[in-house]
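J.: Before I ask anything, let me first share the structure, which is written out below as structure tokens.
Just so you know, all these numbers are worked out from the coordinates, no wet-lab data involved. Fair warning: this is a prediction, and the values are worked out from it, not measured in the lab. Cβ placement follows ideal geometry from the backbone for every residue including glycine, while neighbour counts extend to all protein chains displayed.
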Amino acid sequence: MAESKIISDDELPDLPTELCREILSRLPAKTLMRFRCVCKTWCSLIDSSDFIPFHLQIYNNNRSQTYLLAADWGKRYSIHSSDTLGKIDVLVKIPDYCFVLGSCYGLILIRYFSVNIIGLYNPFIRKLWLIPSWPFISIKHNFLHYWLGFVPSMNDYKLLAIGFIKSTEYSIAVYSLNDHLWRIKDRLDVHIQGILSFYLGNVIHLKGSMYCIGFDWYSSDPASGLQTHLASFDFDLEEFGFVELPDAAKQNKVKFNFVLGESIAVFSMSSEHTCIWVLIEVGGQKSWQLWYNGDSNLTALQFFKSSTFTKIFHVEENTFFVQRSPNLYSYNFRSHLIQHLNIDGCKSLETFVESLVLHKGNQGKNLSHETDFIQINGE
């Protein structure tokens with residue numbers, strides 16, 4: 001076997017910097033971390049502050065396949081292809097004293113049981129950023145709830161944190177990864193409906209906002225009330241928003257939101273019809289446009305009533321990925337075909353992107369092994 005050799009800058013092909021940047025931006029994050037050791041020029045380029053967001057955009061826009069992040073009940077995370085569901089990589093197992101709150105655009109939000117510590121983790125390069133304690137220290141950590149988001153225009157990850165004191169009392173703050181600080185938000189009336197909507201909803205992300213279908217919390221019994229609106233939180237403006245659902249969808253027990261192309265859509269099924277609406281915006285006004293209207297199916301209707309999460313839509317296959325604990329299924333909304341998929345023990349499933357985020361300025365936490373999580377708490 002030939003011996004490996006470190007290449008000096010003088011031995012590299014004389015490629016223009018921009019061309020080298022374009023080539024490297026199309027490589028996986030783990031490959032780039034190895035390529036940093038090839039020469040000083042490549043290391044400097046990969047480490048530059050503008051390359052990390054450039055790679056995030058170029059690499060993920062040019063991939064033909066979509067990554068799926070699957071977690072089993074042993075809290076071991078693996079990457080799968082959405083086309084074949086074949087396992088691509090097995091990621092680090094989250095220790096028993098930690099659990100995952102969610103993920104967004106390449107980062108996983110981790111929380112520790114014993115203490116009020118949360119962190120952002122990039123599993124592709126095994127880097128962790130610990131979030132400073134949030135500003136409301138008087139609220140116990142088991143009454144704190146977090147949602148992670150990404151603002152493409154600012155290349156910034158933000159964390160929405162809600163502290164529940166009583167049913168009508170709460171505190172809200174937003175953490176910015178770019179600024180490394182928490183900002184306390186004013187307690188506006190609009191926050192109440194937004195917070196309670198996301199507390200029970202199935203959250204998805206698109207273009208810097210997160211969305212879920214919200215309940216009518218002004219009814220006499222909100223927990224059993226109708227889902228009447230689409231709630232959103234804009235991580236750029238740091239504001240909640242609401243759009244009323246189509247009247248035909250409000251009465252249906254089976255409905256969920258998902259991403260259709262570049263738009264938010266809502267799937268709705270009754271005993272008579274299966275419909276999909278797409279949210280469009282014209283002149284600053286948002287409205288619903290009917291995208292699909294077909295027959296219903298009683299087997300599918302019962303299936304969805306007992307399903308846990310439905311987030312991911314494969315548009316070429318007319319198929320949803322449906323997580324029904326502890327298994328994963330696919331559902332074709334045109335044929336109503338339901339199939340069990342070969343990822344058993346699937347606790348959660350989300351789309352995932354690969355990035356170098358946290359590579360620089362990561363507080364020195366490089367998680368090369370599972371036991372590195374223990375060192376965070378000094379145990």
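J.: Using a 7 Å offset from the Cα along the Cα-to-Cβ direction at both His145 and Lys250, what is the distance between the two label points in nm, to one decimal?
T.: According to this spin-label approximation, the distance is 2.3 nm.
J.: So for the pair Ser133, Asn293, with labels modelled 7 Å out along Cα→Cβ, what separation do we get in nm?
T.: About 5.8 nm, to one decimal.
J.: In terms of the ratio Rg/(2.2 N^0.38 Å) built on C-alpha atoms, what value belongs to segment 10-59? Provide the component values of the computation, followed by the final result.
T.: On the way: Rg = 10.2 Å, N = 50, 2.2 N^0.38 = 9.7 Å.
Normalised by 2.2 N^0.38 Å, the Cα Rg of segment 10-59 equals 1.05.
J.: Next question. Each label point is 7 Å from the Cα along the Cα-to-Cβ direction; what then is the distance between the points at Ser271 and Ser81, in nm?
T.: My value for the distance between the label points is 4.4 nm.
J.: Do any trypsin sites (Lys or Arg not before Pro) in segment 319-354 lie in a DSSP loop with no more than 16 other beta carbon atoms within 10 Å, and if so, which?
T.: On the way: sites: Arg324, Arg334, Lys347; in loops: Arg334.
Loop-located and lightly packed - Arg334.
J.: Would you mind calculating the gained length between Leu337 and Gln302 on full extension (0.36 nm times residue separation, minus the Cα-Cα distance), in nm to one decimal?
T.: Numbers: separation 35, 0.36 × 35 = 12.60 nm, distance 1.32 nm.
Extending this stretch completely gives an extra 11.3 nm.
J.: Using the beta-carbon distance between Cys20 and Lys360 and R0 = 25 Å, what value does 1/(1 + (r/R0)^6) give for FRET efficiency, to the nearest 0.05? Write out the running numbers ahead of the final one.
T.: Numbers: r = 19 Å, r/R0 = 0.75.
Once the sixth-power term is evaluated, E becomes 0.85.
J.: Skipping prolines and chain starts, which residues have an amide H placed within reach, meaning under 5 Å, of the one on Asn202, given they are 5 or more residues away or on another chain?
T.: It is Ile213, by chain and number.
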